[in-house]
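Notes follow once the structure below has been shown.
The values are calculated or read from the model by the stated rules, or taken from the named source; none is laboratory data. It should be emphasised that the depicted structure is a prediction, and the values quoted were computed from it without experimental measurement. Note: ideal-geometry Cβ built from the backbone for every residue, glycine included; neighbour counts use all protein chains shown.
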Amino acid sequence: MDPFREFPVVDEIPQDLSPELAAKIRFDVPNSARTWNYLMGGKDHYPADRAAGEAFVERYPEMVVMAKQARQFLIRMVRFLARDAGIRQFLDIGTGLPTMQNTHEVAQSVAPESKVVYVDNDPVVLAHARALLTNTTPEGVTAYIDADVHDPDLIVSDARNLLNFNQPVAVMFMGLLGHVVDDEEMHSIVARVMDAVPSGSYLVNYEGTNTSRAYVETLEGWAKAGAAPYVARSPEQIGRLFDGMEMVDPGVVPVSRWRPEAHEVGAVPPFVDAFGAVARKP
Ligand SMILES: C[S@@+](CC[C@H](N)C(=O)[O-])C[C@H]1O[C@@H](n2cnc3c(N)ncnc32)[C@H](O)[C@@H]1O
């Protein structure tokens with residue numbers, strides 16, 4: 001039996017959403033942000049998302065480790081950019097639902113004056129972002145743009161109102177570009193945003209990769225269930241996103257192996273089917 005077909009009846013439509021927002025939410029199909037939140041151990045998901053999360057775990061148990069390692073990568077990478085690279089502006093495209101240690105918390109814990117702009121097109125992410133992600137330190141700024149990654153020009157023009165595009169910006173595409181299934185379009189989106197930011201800016205990306213057959217097959221089940229398709233590309237394809245940029249060591253690696261912290265060294269970090277990298281725009 002296909003576990004993705006076993007969707008429970010929707011029984012938890014939240015009462016506190018505005019009718020306008022509730023009308024935009026699909027409760028009957030699993031959703032990327034909510035299922036990812038479920039896999040990371042969060043609380044913001046509905047029955048269809050939990051069923052999809054369970055289907056993932058059943059077919060591909062490593063998914064939970066991948067989700068948690070992806071968040072640890074985000075934390076280490078934002079800390080590196082704020083502390084070692086001196087970055088004070090972050091554009092986090094494909095934000096996801098708030099979970100432990102979001103980009104603004106990590107950046108502002110190192111440099112309270114950091115400005116963080118989140119971008120997502122999911123109505124539930126939007127509702128949470130308004131409440132949780134727009135809190136700001138006295139010095140810093142955290143803001144939210146409701147936009148689709150397929151419209152990079154809108155993202156850039158809205159972000160220009162919030163960030164100073166004469167100063168370096170860390171542009172983060174974290175677990176989002178797999179939803180852009182066309183390769184050419186993916187490259188054009190990244191290029192449009194990176195062309196808008198100055199020299200000294202950074203590009204950061206991680207995505208689930210086609211390094212495991214079980215993972216790829218599970219993603220096929222996910223798409224068949226009516227969820228937004230996610231294509232797992234190869235590590236080499238991910239590497240090509242950084243062409244022409246100065247790669248930060250150790251390059252394109254499983255996210256778990258990108259600069260593991262001192263307390264993690266000693267044990268070899270697990271291999272995960274998600275590769276990521278950080279690079280500087282020359
Ligand atoms: C797998 S989650 C990753 C969340 C977070 N970046 C992380 O790494 O934990 C993918 C995110 O991309 C967002 N997303 C998917 N398609 C999108 C689109 N077309 N435009 C903007 N955001 C999108 C989803 O709403 C979700 O928040």
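Take residue 29 and tell me if it is modelled with pLDDT under 80 and assigned to a loop (DSSP other than H, G, I, E, B).
Judged against the criteria, residue 29 is not a match.
Picking from 227, 196, 232, 223, which residue would you name as being in contact with a Leu (Cβ under 7 Å, 6 or more places away or on another chain) and not basic (Lys, Arg)?
On the way: 227 fails: in contact with a Leu (Cβ under 7 Å, 6 or more places away or on another chain); 196 fails: in contact with a Leu (Cβ under 7 Å, 6 or more places away or on another chain); 223 fails: in contact with a Leu (Cβ under 7 Å, 6 or more places away or on another chain).
So the residue among 227, 196, 232, 223 that is in contact with a Leu (Cβ under 7 Å, 6 or more places away or on another chain) and not basic (Lys, Arg) is 232.
Which pairs do you get when a residue that is acidic (Asp, Glu), found in region 166-180, comes within reach of a residue that is surrounded by fewer than 24 Cβ atoms within 10 Å (Cβ to Cβ), reach meaning Cβ atoms under 6 angstrom, with the pair 6+ apart or on two chains?
none
For residues that are in contact with a Gly (Cβ under 9 Å, 6 or more places away or on another chain) and part of a helix (DSSP H, G or I), tally how many sit in region 195-215.
1
Go through (1) acidic (Asp, Glu); (2) under 27 Å from residue 190 (Cβ atoms); (3) touching a Ser or Thr at 6+ places or on another chain (Cβ under 9 Å) and name the single condition residue 49 misses.
Against the list (1) acidic (Asp, Glu); (2) under 27 Å from residue 190 (Cβ atoms); (3) touching a Ser or Thr at 6+ places or on another chain (Cβ under 9 Å), residue 49 comes up short only on (2).
Of the residues in region 143-180, how many are farther than 23 Å from residue 223 by Cβ, within 15 Å of the ligand (Cβ to nearest atom) and in a strand (DSSP E or B)?
6
Only one of (1) among the hydrophobic types (A, V, I, L, M, F, W, C); (2) without any contact (Cβ under 8 Å) to a residue 24 or more places away in the chain; (3) under 24 Å from residue 70 (Cβ atoms) fails for residue 154. Which number is that?
So the condition that residue 154 fails would be (3).
Residues 69, 108, 101: which one is more than 9 Å from the ligand (Cβ to nearest atom), of a type in the set (S, T, N, Q) and closer than 27 Å to residue 199 by Cα? Steps first, answer last, please.
Working: 69 fails: closer than 27 Å to residue 199 by Cα; 101 fails: closer than 27 Å to residue 199 by Cα.
Exactly one residue qualifies, and that residue is 108.
I'd like the full set of residues that are buried (at least 23 other Cβ atoms within 10 Å of the Cβ) and either among the aromatic types (Phe, Trp, Tyr) or modelled with pLDDT under 95 (or both), limited to region 71-102.
73, 90, 95, 96, 97, 102
Spot the failing condition for residue 225; the list is (1) under 30 Å from residue 53 (Cα atoms); (2) away from the ligand (no atom under 16 Å from the Cβ); (3) over 19 Å from the mean Cα position of the chain (by Cα), and only one is missed.
It is condition (2) that residue 225 fails.
Scan region 18-50 for residues that are surrounded by 21 or more Cβ atoms within 10 Å (Cβ to Cβ) and either aliphatic (A, V, I, L, M) or more than 15 Å from the ligand (Cβ to nearest atom) (or both) and jot them down.
Those that are surrounded by 21 or more Cβ atoms within 10 Å (Cβ to Cβ) and either aliphatic (A, V, I, L, M) or more than 15 Å from the ligand (Cβ to nearest atom) (or both): 33, 39, 48.
Being assigned to a helix (DSSP H, G or I) and within 24 Å of residue 35 (Cβ to Cβ) is the filter here, so list the residues in region 224-258 that pass it. Show your work before the answer.
First, pick out the residues of region 224-258 that are assigned to a helix (DSSP H, G or I): 224, 235-240, 255-257.
224, 235, 237, 238, 255, 256, listed by residue number.
When the residues of region 83-98 are filtered to those that are within 12 Å of the ligand (Cβ to nearest atom) and of a type in the set (Val, Ile, Thr), which remaining residue is nearest to residue 202 (Cα to Cα)?
My answer is 93.
Is there a residue being touching a residue at least 60 places away in the same chain (Cβ under 8 Å), in contact with a Lys or Arg (Cβ under 7 Å, 6 or more places away or on another chain), outside any loop (DSSP other than H, G, I, E, B) and away from the ligand (no atom under 16 Å from the Cβ) anywhere in region 261-273?
No, region 261-273 contains no residue that is touching a residue at least 60 places away in the same chain (Cβ under 8 Å), in contact with a Lys or Arg (Cβ under 7 Å, 6 or more places away or on another chain), outside any loop (DSSP other than H, G, I, E, B) and away from the ligand (no atom under 16 Å from the Cβ).
Given the structure, is residue 60 under 19 Å from the mean Cα position of the chain (by Cα) and either more than 10 Å from the ligand (Cβ to nearest atom) or hydroxyl-bearing (Ser, Thr, Tyr) (or both)? Please lay out each step first, then the result.
Values: under 19 Å from the mean Cα position of the chain (by Cα): no; either more than 10 Å from the ligand (Cβ to nearest atom) or hydroxyl-bearing (Ser, Thr, Tyr) (or both): yes.
Criteria not met by residue 60.
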